[in-house]
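K.L.:
Quick one: the structure is below, questions incoming.
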Amino acid sequence: MRYIASLLLLFFFEISFSQTVQTFDSSGSFTVPAGVYTLKVEAWGAGGAGGILTNGAKGGGGGGAYAIRNITVIPGATYTVTVGNGGVPTSTLAPSGGNSSFGSLVIAAGGNGASTTTGGAGGQASACTPIIGAINGTIGSNSSGNNGGAGGAGAIGGNGGLGGVANNGNGGPGIQPGGGGGGMAGPGGGGISGTGGAGRVVVTYTICSAPTVTCAANVTVNAVAPACSATTSLTRPTISNVCYRNHSLDFDGSNDYVALPSGLTSTFTNFTFEAWVYWDGPSSSTWERIMDFGSSTNVNMFLTPRSDSGTPRFAITTTGGGGEQRLTSPTALTTGQWHHIAVVLADASNTGSLYINGQLMVQNTSITLTPASLGSLANNWIGRSQYADPYFNGKIDEVRIWNTTRTQAQIQANMNNEFASMPSGLIAYYKFNNGISCCSKCRVNDACQ
């Protein structure tokens with residue numbers, strides 16, 4: 001008699017996909033292809049023109065701003081793409097550069113034309129962009145006005161460089177994309193200043209197709225009498241071409257929160273908490289909670305997007321607010337955009353670190369408390385406080401809780417990726433991919449993240 005062996009198979013996934021990059025050097029439109037649900041959009045505003053020849057050398061034009069945003073889209077939707085032109089100088093004018101944009105979702109303003117020896121100001125990006133340093137132009141040489149500030153370096157484009165001090169010479173050209181033009185040198189110069197660099201928009205996306213499942217051949221097992229069963233080894237199927245929509249959980253600020261298992265961190269002497277956070281604010285609201293693990297207002301550790309200092313704070317205590325050991329960011333968290341936030345506690349060095357978008361914001365070498373110091377906590381909440389504070393208003397994604405101290409390099413290397421399996425030390429991992437985080441203000445063609 002034949003018997004078919006019945007075994008439990010563990011499926012594993014190979015994330016297999018290819019990215020497509022579409023670059024716009026001139027204005028046009030973008031229609032979302034079938035199977036595409038998320039886009040990474042980068043925009044550079046155009047540079048302003050260099051300063052005009054009047055009474056000494058003028059500075060370079062301002063660099064265009066750089067904006068970047070990951071947006072959730074609907075296949076078939078069409079967006080207008082605008083690419084700004086660099087400011088073109090005349091004998092009397094140093095125009096600003098044009099804005100570059102992707103619909104109304106990603107806007108990078110052009111830099112200003114130069115009108116003084118200090119150069120034009122850099123353009124301002126829309127709110128949905130990370131905060132990174134701008135690059136300014138440098139002082140002009142003795143033979144000509146200086147090139148403008150480089151565009152595409154920060155949320156605000158680089159300012160134009162200082163003008164040169166010579167009495168003749170033409171300005172330098174702009175830096176594409178988004179750099180300002182060079183200013184002219186002083187009296188006696190015979191030409192006009194440099195034209196600002198053109199803007200650019202770059203769209204990156206992955207096409208999600210149906211998963212491919214590859215199975216081994218069927219296996220038939222013959223049991224030898226008088227046995228009624230048999231044992232065999234089966235080859236696991238492979239599932240490839242798996243990709244995910246960029247969903248997250250949307251907290252309404254009224255009564256939404258997530259309760260994690262009690263005692264989750266009771267044995268942790270080292271600790272890392274990571275999450276992507278999109279805070280809706282309002283920016284005046286204080287003490288909302290990204291996370292709050294505790295048993296009371298006396299024993300807890302929490303992370304808030306805005307403390308009484310007006311900036312994000314992590315605190316841990318066993319004796320209430322007066323005994324808090326804190327990490328307080330010097331920089332406020334911008335509402336209406338995604339930020340990656342990570343808190344790291346290292347027991348051996350009594351060091352706590354707070355990172356935003358992979359950058360170290362504050363470090364405290366007097367953090368002597370650890371999650372284990374708090375004991376077994378019953379209220380491990382995402383979006384809710386142990387106090388009667390406001391609930392979190394916004395979106396949270398990719399929550400990771402480690403019993404290890406993650407380095408800055410590890411945070412930066414993995415903050416934009418999903419893990420297909422659990423790395424060592426990752427004790428809890430909440431992808432929140434089943435949430436559809438759209439707000440009531442979203443229109444059909446808007447991004448809902």
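K.L.:
In whole Hz, what ³J(HN,Hα) sequence does the stretch 305-313 give by Karplus (6.51, -1.76, 1.60; θ = phi - 60°), x for Gly and Pro?
P.N.:
In residue order, the calculated couplings are x, 8, 9, 5, 7, x, 9, x, 8 Hz.
K.L.:
Please report, for the Cα atoms of the stretch 358-405, the Rg to one decimal and the Dmax as a whole number; what are they, in angstrom?
P.N.:
Calculated on Cα positions, Rg and Dmax stand at 13.9, 32 Å.
K.L.:
Can I ask one more? What ranking, highest mean first, results for peptides 372-385, 355-368 when packing means the other Cβ atoms within 10 Å averaged over each residue?
P.N.:
Going from most to least packed, we get 372-385, 355-368.
K.L.:
Return the sequence-ordered ³J(HN,Hα) values of the stretch 255-260 in whole Hz as given by the Karplus equation 6.51 cos²θ - 1.76 cosθ + 1.60 applied to θ = phi - 60°, using x for Gly and Pro.
P.N.:
In residue order, the calculated couplings are 8, 7, 6, 10, 9, 8 Hz.
K.L.:
Right, something else. Collect residues whose amide H, placed 1.01 Å from N in the peptide plane, falls under 5 Å from the amide H of residue 306; neighbours closer than 5 in sequence don't count.
P.N.:
Placed amide hydrogens put 287, 288, 313 under 5 Å from residue 306.
K.L.:
Hey, with R₀ at 45 Å, roughly what FRET efficiency would residue 229 and residue 422 work out to, going by the Cβ-Cβ distance, to 0.05?
P.N.:
Working from the Cβ atoms, E equals 0.85.
K.L.:
Output ³J(HN,Hα) for the stretch 362-370: one whole-Hz value per residue in order, computed from phi by the Karplus curve 6.51 cos²θ - 1.76 cosθ + 1.60 with θ = phi - 60°, and x for Gly and Pro.
P.N.:
My calculation for the stretch 362-370 gives 7, 9, 10, 8, 10, 8, 8, 8, 10 Hz in order.
K.L.:
Moving on to the next point. By per-residue mean of other Cβ atoms within 10 Å, what is the highest-first order of 82-91, 106-115? If you can, show how the numbers build up before the last one.
P.N.:
Working: 82-91: 22.9, 106-115: 31.6.
Listed from highest to lowest mean packing, they are 106-115, 82-91.
K.L.:
Rounded, prolate or oblate: which fits the stretch 336-431, taking a ≥ b ≥ c as square roots of the Cα gyration tensor eigenvalues, rounded meaning a/c under 1.5, else prolate when a/b beats b/c?
P.N.:
Rounded, because the longest to shortest axis ratio a/c is under 1.5.
K.L.:
Test of understanding: ordering 324, 288 by Cβ neighbours within 10 Å, fewest first, what list do you get?
P.N.:
Ordered by Cβ neighbours within 10 Å, fewest first: 324, 288.
K.L.:
While we're on this one: Give the distance, in whole Å, between the Cα centre of the stretch 17-38 and the Cα centre of the stretch 330-391.
P.N.:
Here the answer is 37 Å between Cα centres.
K.L.:
Any chance you could run the full-extension gain for residue 410 through residue 252? It's 0.36 nm times the residue separation minus the Cα-Cα distance, nm to one decimal.
P.N.:
Contour length minus the Cα-Cα distance gives 53.7 nm.
K.L.:
For residue 36, list long-range residues whose amide hydrogen, built 1.01 Å from N in the peptide plane, is under 5 Å from its own amide hydrogen.
P.N.:
Residues meeting the amide H criterion: 208.
K.L.:
To make sure I understand, if each residue's beta carbon is the centre and we count other beta carbons within 10 Å, what order do 431, 58 fall in, fewest to most?
P.N.:
The fewest-first ordering by Cβ neighbours comes to 431, 58.
K.L.:
Set the Förster distance to 45 Å, then compute FRET efficiency between residue 296 and residue 77 from the Cβ-Cβ distance, nearest 0.05. Each step should come with its number before you reach the end.
P.N.:
Working: r = 48 Å, r/R0 = 1.08.
E(calc), rounded to 0.05, equals 0.40.
K.L.:
State the extension gain, in nm to one decimal, for the chain segment bounded by residue 269 and residue 216, taking 0.36 nm per residue of separation less the distance between their alpha-carbons.
P.N.:
Full-extension gain reported as 14.6 nm.
K.L.:
Something else: Skipping prolines and chain starts, which residues have an amide H placed within reach, meaning under 5 Å, of the one on residue 393, given they are 5 or more residues away or on another chain?
P.N.:
Sorted by chain and number, the residues that satisfy this are 280, 281.
A short reminder: the numbers here are calculations on the coordinates, not readings from a lab. Predicted, not measured: the structure shown is a model, and the values here were computed from it. Glycine gets a Cβ as well: all are built from the backbone with ideal geometry, and neighbour counts include every protein chain shown.
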